[in-house]
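*Asks:* Pasting a structure here, questions to come.
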Amino acid sequence: MSFNTFGKLFRFTTWGESHGVAIGCIVDGCPPNINLKEQDIQLELDKRKPGQSKFTTQRKEDDKVQILSGIFDGKTTGTPISLIIQNKDMRSKDYGNIKDKFRPGHADFTYFKKYGIRDYRGGGRSSARETAARVAAGAIAKIVLQKKLGKKFKVVGAVTQLGILGCDTSQWNDNVISKNPFFCPDKSMIKLWEKYLLSVRKSGSSCGAVIEVRARGIPVGLGAPIYSKLDTDIASGLMSINAVKGVNIGAGMNSAQLSGESNSDEISTKGKKLKFNSNNAGGILGGISTGQEIVASFAVKPTSSILKSRKTINKFGKNTSISVKGRHDPCVGIRAVPIGEAMMNCVLLDHYLMNKAQCGK
């Protein structure tokens, strides 16, 4: 299987399957002399790991990361950083009764048709388990960016819609996000979301979600105007996450409904200070960062593995039905928040390094 690498100068390659011995990644292009320890990476992995609440899969994984290379005396050496995470709590037998069936809405069908073989144990490579490795890569990117851009730099994500229930993003509070199991930025919605998702799980179904990621403290000038636009690569990174079906930058699809004057982000100066009156562009114009907050959002479809019976076919082309038992997220979008943050960090560092190489700043 090809195309397991993401990035240009700062690149990572992930490997491993959901029910294999381990998963991991190799990070290449990390600058040298950056203080880095396993605990720094573990902090991000702990935000994503399963089994932390009744609203996610009950699979219990420590997601404990081990650095195998690329570090000496606590600092990056500029050589490839190899990371490994052992799989521990697999229940492959849960998938025995569906090994010959394709889950509707899942990659089971396309994987088998393309490769003629598939790892049915948890979806193998198509499982969201793969994303733990990219969160680890994103943690490294975050550490580098914090050193290069300073204290003003921050990337924070949140779930802004859970199924049919949205929230008021004007009430966005970073502290609230980190203190509830939904990564919800609006404190007033948490109880309602809890009741809603429990009812979804009890019914044997699932729901989707919308995640918004905001990047602050980004300098003007990251990105290139044609084939390496900053928003192009952000969209690519977010779209590569399992179960993502749509990406918006700033106003995104809603910009089609705006007039020219309401969509334009008016600019003014006061002394040496530049001011934008709005941010419909999401902090990116012509593929290049404006210095404003970068805002991107993405839609995650409902989890395909559900208890409710659905019509499907098996690998022999026969009609059948399927009901998936086992431990699954009623909304896989919840744990996509740290994954979205990780991909944003990776893209921003990649473009920071490219800008440094071309423009020297």
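*Asks:* By the gyration tensor of its Cα atoms, with a ≥ b ≥ c the square roots of the eigenvalues, what is the shape of segment 166-245: rounded for a/c under 1.5, prolate for a/b over b/c, or oblate? Walk me through the numbers on the way to the answer.
*Replies:* On the way: a/c = 3.84, a/b = 1.68, b/c = 2.28.
Oblate.
*Asks:* May I ask you to give the solvent-accessible area per residue for segment 118-171, in square angstrom, as obtained with a 1.4 angstrom probe? Before the final figure, lay out the partial values.
*Replies:* On the way: 2060 Å² over 54 residues.
Per-residue value: 38 Å².
*Asks:* Tell me, what is the per residue accessible area of segment 203-301 in Å², probe radius 1.4 Å? Mind dumping the intermediate values first?
*Replies:* Working: 4910 Å² over 99 residues.
On a per-residue basis, segment 203-301 sits at 50 Å².
*Asks:* Can you tell which of 316, 298, 12 shows the greatest fluctuation in a Gaussian network model of the chain with Cα springs below 10 Å?
*Replies:* Result: 316 has the largest fluctuation of those listed.
*Asks:* Helix 190-202 versus the longest principal axis of the chain: what is the Cα-based angle in degrees, 0 to 90, to the nearest 10?
*Replies:* Helix 190-202 sits roughly 30 degrees off the main axis of the chain.
*Asks:* Once amide H atoms are placed 1.01 Å from N in the peptide plane, what residues at a sequence separation of 5 or more from residue 329, or on another chain, have their amide H within under 5 Å of its amide H?
*Replies:* 57
*Asks:* Does segment 93-177 classify as rounded, prolate or oblate by the C-alpha gyration tensor (a ≥ b ≥ c root eigenvalues; a/c under 1.5 gives rounded; else a/b over b/c gives prolate, otherwise oblate)?
*Replies:* Working: a/c = 3.57, a/b = 1.78, b/c = 2.01.
Oblate, since a/c reaches 1.5 and b/c is not below a/b.
*Asks:* With +1 on the Cβ of every Lys and Arg and -1 on the Cβ of every Asp and Glu, and nothing else charged, how large is the dipole of the chain about its Cα centre, in debye rounded to the nearest 20? Provide the component values of the computation, followed by the final result.
*Replies:* On the way: 55 positive and 30 negative charges, 187 e Å.
Taking the Cα centre of the chain as origin, the dipole is about 900 debye.
*Asks:* Right, another one. For the chain, what does the helix formula give at 222 nm: sum of -39500 (n - 2.57) over DSSP H segments with n ≥ 4, over the residue count, nearest 500 deg cm²/dmol? Write down the numbers at each step before the final one.
*Replies:* Details: 8 runs with 92 residues, N = 361.
Dividing the helical sum by the residues of the chain leaves -8000 deg cm²/dmol.
*Asks:* Ok, one more. If packing is taken as the average count of other Cβ atoms within 10 Å, what order do 96-108, 162-174, 278-290, 131-143 fall into, highest mean first?
*Replies:* Values: 96-108: 17.6, 162-174: 15.0, 278-290: 19.7, 131-143: 26.5.
So the order, starting with the most tightly packed, is 131-143, 278-290, 96-108, 162-174.
*Asks:* Counting only protein heavy atoms, what percent of the accessible surface of the chain is carbon or sulfur at a 1.4 Å probe?
*Replies:* Working: 9450 of 17710 Å².
Roughly 53 percent of what the probe reaches on the chain is carbon or sulfur.
*Asks:* Please go through the residue pairs 114/202; 8/152; 8/101; 154/361 and name each one whose alpha carbons sit more than 28 Å apart in this structure. Let's see the in-between values first.
*Replies:* Working: 114/202 35 Å; 8/152 25 Å; 8/101 38 Å; 154/361 19 Å.
Listed pairs above 28 Å: 114/202; 8/101.
*Asks:* Over the chain, with a Gaussian network built from C-alpha contacts below 10 Å, which listed residue (314, 277, 87) shows the highest mean-square fluctuation?
*Replies:* 277
*Asks:* Right, next: Rounding to the nearest 10 and keeping the result within 0 to 90°, find how far the Cα-based axis of helix 337-359 lies from the longest principal axis of the chain.
*Replies:* It is inclined by approximately 40 degrees.
The values are calculated or read from the model by the stated rules, or taken from the named source; none is laboratory data. Predicted model only: the values in this text are computed from it and were never measured. Virtual Cβ from ideal backbone geometry, glycine too; neighbours counted across all protein chains shown. Side chains are part of the model used for accessible areas, which takes the heavy atoms of the whole protein and leaves out ligands, DNA and RNA. Shrake-Rupley method; radii C 1.70, N 1.55, O 1.52, S 1.80 Å.
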